[in-house]
Amino acid sequence: MKKILFFITQSEFGGAQRYVFDLANNLKGDFEVAVALGEQANNGKLAKILSENNIKYYIIPHLKRSISPINDILAFFEIIKLIKSYRPDIVHLNSSKISILGSIAAFVIKLRVASYELRVIYTVHGWVFNEPLPICQKWFYKFAEKFTARFKDKIICVSEFDKQIALKFKIAPENKLITIHNGLAPINFCPEKEAKKIIYSKIQPVILEPKAIESRVLSATQQDSIGRSAPSRMTNDIIIGSIGNLYKTKGYEYFIQAADILINQHHLSAAFIIIGEGEERKTLENLIAKLNLKNNFILTGRLDDAAKLLPALNLYVCSSVKEGLPYSVLEAMSAGLPIATTDVGGIPEMIEDKKTGLLVGPADPNDLAENIKTLLNNKTLATELGRRAQEIASAEFGLEKMIEATKNVFTSFLNS
């Protein structure tokens, strides 16, 4: 049986880790599969679910997400040692750091062992040089991706946006690039009441008790004769939320600022939540305190099977400034939620503005607040957008479709 060795930089569970798990778990009947992972190691969720599903994994002790010359050199030799030991037919790299180290390591091995027909596949989960980084780091990553592309047999982009970026910056020739959208397995969502109960258990007593809350969102047309805004009665128990790791790329500061606008300028009574954990927690907590939103905006931390709780939300928000093709938005689509999201990365390939959700430019809390207000003020529109999004998620972004397309890439090399 042919061997595939998947590499991922972190064991902390995010979109790229889910992608690796889905591939490994669904291809283990066709290939001998294993996963190599770095930062967080056995403490990360990826390691735990791999173990639960009887998928072999290896730890690369010095593989870290951030640039660290000493650790990077040590990790490079650890990668070489693992490849030589496991001797896969395909090395499948995920994330920029491992794509650089792993592809060079594979090249060195093939130089030393000419008879070893090792193939290197790389999946781009959003180009790292599109992240909010210093110019020098952006330049470095752009150069590194372009240089190491020559050592990769195929580059899978999870969005057409990323493929076009690769062509624009001449990262790789077009014949090396292919777009395969992420795919989502059906989710067994919690009933709305049960989901709300779980959510409220996390945000109480900070937020109001789960009782009828009169929300007041002011539309541009709701002005009385002397120019004052008149309140509009909306749905009760409003929860507006997002799921994701607390990273700079998620743009959560703009979500918090949008909440401030809705609460203090438009007098909305609602709970805002972000389910997830990460390095930006302290910064976000400070912003929430500064804007006096402690009673309205809650960072819940990680919750197991968070996607199952989506029916508790009235509206889903994605405020990212950089994305590939986010699973979190696919989950919200699958739940049939109305979605207000930024127009970044592959998101417009999932959400069509005013047809399956509302799009706004990144880093613009005012426009994001307006889109949230629009969806809350127009229940008919919100329901219709959610329904259409759910249909698209089921028809276009199924897990089986992604698995089959990726398997075809693997077999095209193994059979050549």
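The values are calculated or read from the model by the stated rules, or taken from the named source; none is laboratory data. None of the values given here were measured: they were computed from a predicted structure. Don't worry about glycine lacking a Cβ; one is built from the backbone with ideal geometry, like all the others, and counts go over all protein chains shown.
The figures follow:
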{"item": "Near pairs, Cβ below 9 angstrom, 6+ apart or cross-chain, from segment 16-27 (assigned by TED's automatic domain parsing to the domain that holds K45) to any residue that is charged (D, E, K, R) and surrounded by fewer than 20 Cβ atoms within 10 Å (Cβ to Cβ)", "result": "Q17/K45; L23/K407; N26/E400; N26/K407; L27/K407"}
{"item": "Condition check for E323: closer than 23 Å to N366 by Cα and either assigned to a helix (DSSP H, G or I) or of a type outside the set (D, E) (or both)", "result": "no"}
{"item": "Residue within segment 323-331 that is within 17 Å of A16 (Cβ to Cβ), of a type in the set (D, E, K, R) and surrounded by fewer than 24 Cβ atoms within 10 Å (Cβ to Cβ) present", "result": "yes"}
{"item": "Segment 34-77, subset among the acidic types (D, E) and within 29 Å of P134 (Cβ to Cβ), residue surrounded by the fewest Cβ atoms within 10 Å (Cβ to Cβ)", "result": "D72"}
{"item": "Residue identified as buried (at least 24 other Cβ atoms within 10 Å of the Cβ) and either part of a loop (DSSP other than H, G, I, E, B) or of a type in the set (F, W, Y) (or both) among G345, G336", "result": "G345"}
{"item": "Flag if N408 is assigned to a helix (DSSP H, G or I) and either touching a helix residue (DSSP H, G or I) at 6+ places or on another chain (Cβ under 8 Å) or farther than 21 Å from I274 by Cα (or both)", "result": "yes"}
{"item": "Number of positions in segment 2-28 that are at pLDDT 95 or above and either basic (K, R) or part of a loop (DSSP other than H, G, I, E, B) (or both)", "result": "4"}
{"item": "Qualifying residue in segment 377-395 (condition: in contact with a Pro (Cβ under 7 Å, 6 or more places away or on another chain), free of Cβ contacts under 8 Å to residues at least 40 places away in the same chain and farther than 16 Å from I187 by Cβ)", "result": "no"}
{"item": "Residues that are in contact with a strand residue (DSSP E or B) (Cβ under 6 Å, 6 or more places away or on another chain) and either over 13 Å from I100 (Cα atoms) or free of Cβ contacts under 8 Å to residues at least 24 places away in the same chain (or both), drawn from segment 55-81", "result": "K56, Y57, Y58, I60"}
{"item": "Residue in segment 265-284 that is surrounded by the fewest Cβ atoms within 10 Å (Cβ to Cβ), counting only those that are polar (S, T, N, Q) and closer than 24 Å to T374 by Cα", "result": "Q265"}
{"item": "Qualifying position, being charged (D, E, K, R) and either farther than 26 Å from E131 by Cβ or touching a Ser or Thr at 6+ places or on another chain (Cβ under 8 Å) (or both), among D89, D22", "result": "D89"}
{"item": "Which listed residue, of L262, L287, L303, L299, is modelled with pLDDT of 95 or more, over 24 Å from L375 (Cα atoms) and surrounded by 14 or more Cβ atoms within 10 Å (Cβ to Cβ)", "result": "L287"}
